[in-house]
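Undergrad: What follows is a structure written as structure tokens; I'll ask about it next.
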Amino acid sequence: MPDVRVCFKEITEDPTLSFAQKARALALAAENSLEYPKLDTQTAEALEERVICDMYEGHAPYKPRYVLPDYSVVLTEGSSWLELAPATTLDEAINTLMIAYHHVPSVTNMPVFLGHLDALLLPFCDDVSDEALYSKIKLFWRYLDRVLPDAFMHANIGPTDNRVARTILKVDAELKQVAPNLTFIWDPQLSSEGILALACDCIIECSKPHIANHPIHTAVFGEEGYGIASCYNALPLGGGASTLTRLNLYEVARRSKDTEDFFATVLPHYIELNCQLTEVRIKHLFETSGFFDSFLVKEGWIHKDRFAAMFGVFSMAEAVNLLQEKEGRAGRYGHDDSANALGYRISEALAAAVTARPMAHVWRNRAMLHAQAGLSDDGGCTPGLRIPYGTEPDPVTHVQALAPQHQFYPSGVSDILTLDETVRNNRAALVQLVKGALSLGFREFTANIAHNDLVRVTGYMVRLSDIKRFQQCGGSRINTTVLGAEAAETGDILHRAPRVVAHEFTSR
Amino acid sequence: MNLPLAKVSRVLTFSCVDGPGNRLVLFLQGCNFACLSCHNPHTMTVCNHCGVCVPACPQGALRLVDGKVSHDGQLCDDCDKCLDACPINSNPKVVEMSVGDVLALLKKNKPFLTGITVSGGEATTQLKFIKALFFVIKQSESLKDLTCLIDSNGYLPEHAWLDLLPVTDGVMLDIKAFDTSLHEALTGRPNARTLASARLLHAHGKLEELRFLLVPGKTDRPEEIRSLLQFTKELSADLPLRLNAFQHHGVRGEALEWPVMTEVSVEAIAALLRMGGLNHVTTPAVYL
């Protein structure tokens with residue numbers, strides 16, 4: 001197979017990749033030299049035309065896309081596989097986590113979920129001074145960024161106000177690292193004003209954390225809990241997501257005669273094909289790959305029945321604008337009530353169809369709708385449900401236009417609000433905006449402050465200075481810089497307010 | 001009741017530079033100063049319907065109807081060519097809003113708002129409207145927790161302030177210069193009323209913030225900074241003082257020949273004021 005060998009050769013000789021990045025690219029190329037799991041003709045065609053998409057996850061799914069272990073298991077019970085005793089001190093607890101992360105796979109081969117770090121570490125902090133806690137967290141944070149340099153790696157804190165959460169916010173604002181990604185979980189009943197203010201200070205410093213709407217997520221996931229992983233994906237704790245497949249709504253609209261045809265025929269057709277693609281991939285993971293024989297399952301870090309199937313959609317803006325044109329209406333998505341209403345109707349139809357369709361090997365037997373943030377090479381298509389770059393209204397109008405959409409997307413939806421720098425002198429304005437957005441039903445609040453070096457390119461962070469350096473001389477220590485650079489070229493992110501474009505590895 | 005209407009140049013539902021928290025801001029049309037350094041000169045005067053702007057509009061959004069300029073918001077694409085064409089520093093896009101119109105806007109945006117700020121122009125030139133609006137907000141169960149602030153140049157006389165203060169939570173007051181002839185050269189008016197307003201508002205606990213625009217070679221001179229320090233300290237060392245930096249953004253006419261104020265110079269002056277004992281000096285987040 002000479003083609004494959006040419007591809008392998010190119011990877012080994014690529015001067016912009018580190019040796020670890022080469023190893024990862026080689027593994028993916030090898031996997032993709034295998035036959036794809038058997039698809040029926042229609043599904044294969046739709047995949048080939050990229051109306052539906054497998055996120056280039058690889059031809060032979062042998063690990064779930066996102067794994068969200070319950071790390072409290074290894075902390076309190078230890079691990080016989082890893083020969084670890086239960087942790088008894090803060091040092092041991094952090095050390096156990098550092099070891100654990102290396103055994104948690106994901107689509108990027110790096111862990112995408114680091115746990116609810118405050119809840120995990122607090123039990124070990126009773127006799128630890130503030131100074132000691134600060135210095136240990138700082139070293140921990142440095143380790144994460146340098147050893148697992150992937151911005152999809154996501155830590156959670158909150159909703160309570162506690163020493164560990166406060167220290168993490170302080171360290172994160174101070175270090176301004178790309179990794180880890182960070183979510184503060186907010187609950188008006190449990191979170192203090194003080195900790196929300198600290199989180200907002202941290203956003204002003206480094207555009208992190210995201211703020212998650214705890215009451216809304218709890219209503220979906222219940223007592224057994226959830227975590228926010230990778231970009232802004234809400235998934236069952238002690239499980240995760242087997243796959244993410246996605247529908248390009250613009251391509252669906254393009255294949256529709258008019259709005260009626262879209263809703264009655266074309267959309268349901270492609271929803272079904274995307275579900276079939278999902279099923280084929282999940283079947284391979286569950287029935288062929290042997291992943292669930294892992295010690296992670298045996299020791300109870302994860303449970304086989306807590307893995308979701310994420311049903312992603314993107315390019316809502318282009319789909320709505322095209323359908324508006326087909327109906328002879330001028331109003332544009334994000335700015336016009338009739339266009340926004342059409343968007344809500346599309347989401348409602350998607351949610352109804354996904355909820356009605358049973359799926360084997362999947363948490364609660366149904367896929368979960370997800371507003372997918374895009375790949376780094378999705379030129380011309382706006383991520384998820386977002387309003388196209390450069391045409392966003394003011395933040396309040398922005399939130400009001402999109403808030404009704406959030407109810408339909410339980411496994412994650414994110415709109416990135418770009419705020420100008422004047423907010424630096426007025427943290428209370430940011431706090432008010434967070435509260436307004438979450439009270440209107442935003443599942444997740446995310447903001448970029450203009451001119452921060454650290455900006456979000458989809459739900460993950462990159463440093464603008466790293467991208468610039470990468471473009472000048474090639475090569476970056478951090479995996480996601482490559483994606484950000486690709487997104488910068490196709491998505492124009494550096495020419496205006498920092499924006500979201502990319503998501504995961506694309507086939508290059 | 002015959003409630004007054006406001007002439008509104010612009011409404012913002014998100015502003016983090018017009019008082020604490022996020023504020024809905026009404027920019028009222030018309031000003032009693034004529035500052036050379038004004039960065040919103042199109043808010044200075046009320047339209048006299050001369051019609052000069054009508055042919056300047058590339059979208060055809062402006063028409064003269066019965067001797068009045070009318071603006072079609074659907075056709076307008078906010079290119080602002082009309083503002084450039086206006087010979088009297090006015091704006092054909094000004095709309096009239098009733099108290100009810102503003103209340104409806106506040107209710108729609110309530111979850112996002114810390115309060116409302118009326119700015120301008122000089123807001124207090126539409127005193128009756130502000131008073132009526134703030135009065136109704138304070139009476140409304142759903143809106144009464146919004147703070148009601150005014151951005152002002154302080155030219156309003158004492159008796160008018162006393163009328164307004166019971167329904168006003170605070171005033172952010174601009175002092176353009178301490179030397180009164182400099183003040184007159186910069187604004188067209190002397191500064192005695194502004195300084196008196198600052199003292200009066202402070203005495204009533206309603207002076208939210210003092211603002212001072214630094215213009216190189218004019219208001220950044222040592223004697224001005226000394227007066228600023230002394231005046232502010234006499235009120236209170238804890239009074240928030242915001243230093244603004246003269247920039248060219250939005251400015252018209254001779255002030256475009258003036259140099260802009262650099263961040264380094266602003267920070268040096270801020271440091272002097274802090275050393276002089278002022279506890280809450282803020283400097284611009286952005287230099288345009």
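Undergrad: Could you please find all residues in region A:6-34 being modelled with pLDDT of 90 or more, within 25 Å of the chain's Cα centre (by Cα) and not in a helix (DSSP H, G or I)?
TA: A:Asn32
Undergrad: Would you call B:Val102 in contact with a strand residue (DSSP E or B) (Cβ under 8 Å, 6 or more places away or on another chain), modelled with pLDDT of 95 or more, farther than 27 Å from B:Arg189 by Cβ and of a type in the set (A, V, I, L, M, F, W, C)?
TA: Working: in contact with a strand residue (DSSP E or B) (Cβ under 8 Å, 6 or more places away or on another chain): yes; modelled with pLDDT of 95 or more: yes; farther than 27 Å from B:Arg189 by Cβ: yes; of a type in the set (A, V, I, L, M, F, W, C): yes.
Spelling it out, B:Val102 is indeed in contact with a strand residue (DSSP E or B) (Cβ under 8 Å, 6 or more places away or on another chain), modelled with pLDDT of 95 or more, farther than 27 Å from B:Arg189 by Cβ and of a type in the set (A, V, I, L, M, F, W, C).
Undergrad: Tell me which strands (runs of 3 or more DSSP E) are completely within region B:1-109 and hold 3 or more residues being within 14 Å of chain A (Cβ to nearest Cβ) and either closer than 28 Å to A:Gly436 by Cα or aliphatic (A, V, I, L, M) (or both), or say none if there are none.
TA: Working: elements: B:6-12, B:23-28, B:62-65, B:68-71, B:95-97.
The strands (runs of 3 or more DSSP E) meeting that bar are B:6-12, B:23-28.
Undergrad: Taking region A:313-360 on its own, how many of its residues are of a type outside the set (Ser, Thr, Tyr), outside any helix (DSSP H, G or I) and in contact with a helix residue (DSSP H, G or I) (Cβ under 9 Å, 6 or more places away or on another chain)?
TA: Step one: of region A:313-360, the residues of a type outside the set (Ser, Thr, Tyr) are A:313-314, A:316-332, A:334-337, A:339-343, A:345-346, A:348-354, A:356-360.
Restricting the remaining residues to those that are outside any helix (DSSP H, G or I) gives A:313-314, A:327-332, A:334-336, A:357-360.
With the extra rule that they be in contact with a helix residue (DSSP H, G or I) (Cβ under 9 Å, 6 or more places away or on another chain), the set shrinks to A:313-314, A:327, A:329-332, A:334-336, A:357-360.
Counting residues in region A:313-360 that are of a type outside the set (Ser, Thr, Tyr), outside any helix (DSSP H, G or I) and in contact with a helix residue (DSSP H, G or I) (Cβ under 9 Å, 6 or more places away or on another chain) gives 14.
Undergrad: For region B:1-39, which residues satisfy the criterion of being aliphatic (A, V, I, L, M), in contact with a helix residue (DSSP H, G or I) (Cβ under 6 Å, 6 or more places away or on another chain) and without any contact (Cβ under 8 Å) to a residue 12 or more places away in the chain?
TA: B:Val17
Undergrad: To continue, here is another question. Output the number of the condition that A:Asp118 fails; it satisfies all remaining conditions of (1) among the acidic types (Asp, Glu); (2) at pLDDT 95 or above; (3) in a loop (DSSP other than H, G, I, E, B).
TA: It is condition (3) that A:Asp118 fails.
Undergrad: Here's a follow-up. Tell me which residues, restricted to region A:52-84, are in contact with a strand residue (DSSP E or B) (Cβ under 9 Å, 6 or more places away or on another chain), among the aliphatic types (A, V, I, L, M) and surrounded by fewer than 21 Cβ atoms within 10 Å (Cβ to Cβ).
TA: A:Met55, A:Val73
Undergrad: For region A:87-98, enumerate the residues that are closer than 22 Å to A:Asn156 by Cβ and either among the hydroxyl-bearing types (Ser, Thr, Tyr) or surrounded by 14 or more Cβ atoms within 10 Å (Cβ to Cβ) (or both). Steps first, answer last, please.
TA: Of the residues in region A:87-98, the ones closer than 22 Å to A:Asn156 by Cβ are A:87, A:90-98.
Selection gives A:Ala87, A:Leu90, A:Glu92, A:Ala93, A:Ile94, A:Asn95, A:Thr96, A:Leu97, A:Met98.
Undergrad: Which ones in region A:19-58 are closer than 19 Å to A:Tyr250 by Cα and charged (D, E, K, R)?
TA: Passing the criteria: A:Glu45, A:Glu48, A:Glu49, A:Arg50, A:Asp54.
Undergrad: Given the options A:Val73, A:Val104, A:Val67, name the one that is at negative phi, part of a strand (DSSP E or B) and either assigned by TED's automatic domain parsing to the domain that holds A:Gln177 or among the hydrophobic types (A, V, I, L, M, F, W, C) (or both). Working first, answer last.
TA: Values: A:Val73 fails: part of a strand (DSSP E or B); A:Val104 fails: part of a strand (DSSP E or B).
One residue alone meets the criteria, A:Val67.
Undergrad: Can I ask one more? Being buried (at least 16 other Cβ atoms within 10 Å of the Cβ) and charged (D, E, K, R) is the filter here; which residues of region B:234-288 pass it?
TA: B:Arg242, the sole residue that qualifies.
Undergrad: Looking at region A:407-429 only, could you name the residues that are within 14 Å of chain B (Cβ to nearest Cβ) and part of a helix (DSSP H, G or I)? Give the steps one after another, and end with the answer.
TA: Step one: of region A:407-429, the residues within 14 Å of chain B (Cβ to nearest Cβ) are A:417-429.
Within region A:407-429, A:Glu421, A:Thr422, A:Val423, A:Arg424, A:Asn425, A:Arg427, A:Ala428, A:Ala429 qualify.
Undergrad: Out of the residues in region A:190-214 meeting the condition of being under 20 Å from the mean Cα position of the chain (by Cα) and of a type in the set (Gly, Ala, Ser), tell me which one is farthest from A:Lys176 (Cα to Cα).
TA: Looking at the filtered set, the residue picked out is A:Ala212.
Undergrad: Hey, does region B:129-141 have a residue that's closer than 30 Å to B:Cys53 by Cα, at pLDDT 95 or above and β-branched (Val, Ile, Thr)? Steps first, answer last, please.
TA: From region B:129-141, those closer than 30 Å to B:Cys53 by Cα are B:129-130; that's our starting set.
Remaining after also requiring at pLDDT 95 or above: B:129-130.
Pick out the ones that are also β-branched (Val, Ile, Thr) and you get B:130.
Yes, there is a match, as at least one residue in region B:129-141 is closer than 30 Å to B:Cys53 by Cα, at pLDDT 95 or above and β-branched (Val, Ile, Thr).
Undergrad: Does region B:29-47 contain any residue that is within 25 Å of the chain's Cα centre (by Cα), more than 30 Å from B:Lys176 (Cα to Cα) and surrounded by 14 or more Cβ atoms within 10 Å (Cβ to Cβ)? Even if it seems obvious, please write down each step before you answer.
TA: Going through region B:29-47, the residues within 25 Å of the chain's Cα centre (by Cα) turn out to be B:29-47.
Among the residues that remain, those that are also more than 30 Å from B:Lys176 (Cα to Cα) are: none.
The answer is no; no qualifying residue exists.
Undergrad: On to the next question. Looking at A:Glu260 and the list (1) assigned to a helix (DSSP H, G or I); (2) touching a residue at least 12 places away in the same chain (Cβ under 8 Å); (3) not aliphatic (A, V, I, L, M), which single condition is not satisfied?
TA: (2)
Undergrad: When you scan region A:288-306, do you find a residue that is acidic (Asp, Glu), touching a helix residue (DSSP H, G or I) at 6+ places or on another chain (Cβ under 8 Å) and surrounded by fewer than 17 Cβ atoms within 10 Å (Cβ to Cβ), even just one? I'd like the intermediate steps shown before the answer.
TA: Keep residues of region A:288-306 that are acidic (Asp, Glu), which gives A:293, A:299, A:305.
Now narrow it down to the ones that are touching a helix residue (DSSP H, G or I) at 6+ places or on another chain (Cβ under 8 Å): A:299, A:305.
In the following step, the residues that additionally are surrounded by fewer than 17 Cβ atoms within 10 Å (Cβ to Cβ) were identified as A:305.
Yes: region A:288-306 contains one or more residues that are acidic (Asp, Glu), touching a helix residue (DSSP H, G or I) at 6+ places or on another chain (Cβ under 8 Å) and surrounded by fewer than 17 Cβ atoms within 10 Å (Cβ to Cβ).
Undergrad: Just the residues that are out of contact with any strand residue (DSSP E or B) (no Cβ under 8 Å at 6 or more places or on another chain) and either at pLDDT below 85 or outside the structural domain of A:Gln405 (by TED's automatic domain parsing) (or both), please, taken from region A:421-471.
TA: Answer for region A:421-471, where residues must be out of contact with any strand residue (DSSP E or B) (no Cβ under 8 Å at 6 or more places or on another chain) and either at pLDDT below 85 or outside the structural domain of A:Gln405 (by TED's automatic domain parsing) (or both): A:Thr422, A:His451, A:Asn452, A:Val457, A:Thr458, A:Ser465, A:Asp466, A:Ile467, A:Lys468, A:Arg469, A:Phe470, A:Gln471.
Undergrad: While we're on this one: Quickly run through region B:242-288 and pick out the residues that are within 13 Å of chain A (Cβ to nearest Cβ) and under 28 Å from B:His204 (Cα atoms).
TA: B:Arg242, B:Leu243, B:Asn244, B:Ala270, B:His280, B:Val281, B:Thr282, B:Thr283, B:Pro284
Undergrad: To continue, here is another question. When both residues are 6+ apart or on different chains and their Cβ atoms are under 6 Å apart, which pairs have a first residue that lies in region A:387-415 and is more than 19 Å from A:Ser347 (Cβ to Cβ) and in the same structural domain as A:Ala373 (by TED's automatic domain parsing), and a second that is outside any helix (DSSP H, G or I) and not β-branched (Val, Ile, Thr)?
TA: Pairs that qualify, where the first residue is more than 19 Å from A:Ser347 (Cβ to Cβ) and in the same structural domain as A:Ala373 (by TED's automatic domain parsing) and the partner is outside any helix (DSSP H, G or I) and not β-branched (Val, Ile, Thr), are A:Tyr389/A:Arg499; A:Gly390/A:Arg496; A:Asp394/B:Phe14; A:Pro395/A:Leu417; A:Pro395/B:Phe14; A:Val396/B:Phe14.
Undergrad: While we're on this one: For residues in region A:430-457 being more than 20 Å from the chain's Cα centre (by Cα) and part of a loop (DSSP other than H, G, I, E, B), which is nearest to the other protein chains (Cβ to nearest Cβ)?
TA: This residue is A:Leu440.
Undergrad: Sticking with this structure for a sec: Can you pull out the residues in region A:376-406 that are more than 10 Å from every other protein chain (Cβ to nearest Cβ) and β-branched (Val, Ile, Thr)? Explain how you work it out, then say what you get.
TA: Quick first cut of region A:376-406, residues more than 10 Å from every other protein chain (Cβ to nearest Cβ) only: A:376-392, A:401-402, A:404-406.
A:Thr382, A:Ile387, A:Thr391, listed by residue number.
Undergrad: If you don't mind, there's one more thing I want to ask. Can you tell me how many residues in region B:110-137 are within 13 Å of chain A (Cβ to nearest Cβ), farther than 19 Å from B:Asn153 by Cα and touching a residue at least 40 places away in the same chain (Cβ under 8 Å)?
TA: Number satisfying all stated conditions: 4.
The values are calculated or read from the model by the stated rules, or taken from the named source; none is laboratory data. Computed from a predicted model, the values in this text were never measured in an experiment. As a convention, Cβ positions derive from the backbone with ideal geometry for all residues, glycine included, and neighbour counts pool all protein chains shown.
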